[in-house]
Structure formats: C-alpha cells, structure tokens
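Here the structure comes first, spelled out in structure tokens, and everything after it is commentary.
The values are calculated or read from the model by the stated rules, or taken from the named source; none is laboratory data. Not measured: the values here are computed from a predicted model. Ideal geometry is used to build each Cβ from the backbone, glycine not excepted, and the neighbour counts take in all protein chains shown. Surface accessibility is based on the protein's heavy atoms, side chains included, excluding ligands, DNA and RNA. Shrake-Rupley method; radii C 1.70, N 1.55, O 1.52, S 1.80 Å.
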Amino acid sequence: MISKKLEKAVNEQIQKETYSAYLYLSMAAYFAAQNLDGFANWFYVQNQEETYHAMKLHRYLIERGGEVELMAIEKPPKNFESPLKAFQAALEHERFISKSIHELVDKATEEGDHPLVSFLKWYVDEQVEEEASAEKIIAQLELIEGYKPGLYHLDKELAARVYTPPAEEEE
Ligand code: FEO
C-alpha cells in the first residue's frame, strides 16, 4: 500500500497532468481560431496524451490502495501571441512537468517505494520525448520566422499527427 505522503504527491501530479491537458486544449482552440488546423490538431492530440498521463496515475494510485482526490484545475491562458510563443510556453510547461516527475521519483526513492520508482520510469522517459517534440517544432518555427508559406507547410505536416494509445490501452 502506498504511503499517505506519496498518495498526496501522486494526486498533485494527477492535477498537473490534468492541467496540462487543459492548457493544450486552450492552445488548440487558439490555433483553430486562426484556421491553423494542423497546429490545432497537434494540440488536440497532446490533450489526449495528457489525459492518458493523468489516467495512468489515477489507475495506479487505486491499484496501490491509495485514494484519488481530484483537485481544482486552474484556468489556462487564452492568448499566446504567436505560434512560436505558444510552443515556447508549451516547452516551458513540459520542463516544469519533468522537474515535478523527477521530484516525485526522489520522494519515492527516499521512502524506498520501489514499485512507484519503477512505475514512474515510464514518465521520466516520456518527458524526454515531450520536451524533444516541442523543441523540434520551435526550431522549425524559428527557421520560418513568420514566412507564411513555411507556416502553411508546417501546418499541413502537423495535421498528420494522430493520437496512438500506448499498447496497454489497446487490450
Ligand atoms: Fe504529461 Fe506533457 O507531460
């Protein structure tokens, strides 16, 4: 059974992942309002991924005999100034999430909760991918520097992103 201290920390991480889903939903709406449907699609997919991240923790906490306590979700920003600024904000947020996951691993390690440390490895690896994909799009947007045909081309590319549930979800 998970300790009360770690139960609280996991519930806080569930809240952060749920906020991430909410933030990316707001970013998707921001792009959709500008008819940048490919960018919007990328963030709608991101929203689904974040919901999965929250649910994976949610189910794990129950499996470990912990109690899920859903917390209030803050209102996300609505205006992001430019596609580049939106992705920079997404990257900054992902770095915050990575830090939070690492702190959770540290807490689980301090308590000797090996199952939780092992479970969190998936999130540690996932964060590397999360940061890398935002960094890549930022680099592409910096190359484009507001050149509209480039933005149009990138929008088409991002329209191809499809949400793929991790293997365990396909059973
Ligand atoms: Fe769930 Fe994008 O971190």
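What to note about this one:
- Convex hull volume of the Cα atoms of the chain, normalised per residue: 107 Å³.
- Cα centre as origin, Lys/Arg/Asp/Glu Cβ charges: the chain dipole, Debye: 440 debye
- Heavy atoms of the protein chains alone define the surface here; on that basis the stretch 4-161 has 54 Å² accessible area per residue at 1.4 Å probe size.
- When you filter the trypsin sites (Lys or Arg not before Pro) in the stretch 76-171 for DSSP loop state and at most 10 other Cβ atoms inside 10 Å of their Cβ, you are left with LYS78.
- Choice from VAL68, VAL105, VAL128 showing the highest fluctuation, given a GNM over the chain with Cα pairs closer than 10 Å: VAL128
- Where only DSSP H runs of four or more residues are counted, the chain gives -26000 deg cm²/dmol as its mean residue ellipticity at 222 nm, each run worth -39500 (n - 2.57).
- Loop GluC sites (Glu not before Pro), the stretch 25-128, which have at most 16 other Cβ atoms in a 10 Å radius of their Cβ (DSSP): GLU67, GLU69, GLU74, GLU81, GLU111
- The residue among VAL10, SER118, PRO166 whose Cα reaches farthest toward the positive pole of the charge dipole of the chain, with charges on the beta-carbon of Lys, Arg, Asp and Glu, is VAL10.
- Cross-link pairs LYS8/LYS85; LYS85/LYS107; LYS8/LYS56; LYS107/LYS136; LYS99/LYS121; LYS4/LYS56 - those with Cα-Cα distance over 24 Å: LYS8/LYS85; LYS85/LYS107; LYS107/LYS136
- Within the listed set HIS102, HIS93, HIS114, the residue fluctuating most in the Gaussian network model of the chain (springs between alpha-carbon atoms under 10 angstrom) is HIS114.
- Linear extension gain, SER3 paired with PHE96, 0.36 nm per residue minus alpha-carbon span: 31.0 nm
- The Cα center of the stretch 67-99 and the Cα center of the stretch 1-39 differ in position by 7 Å.
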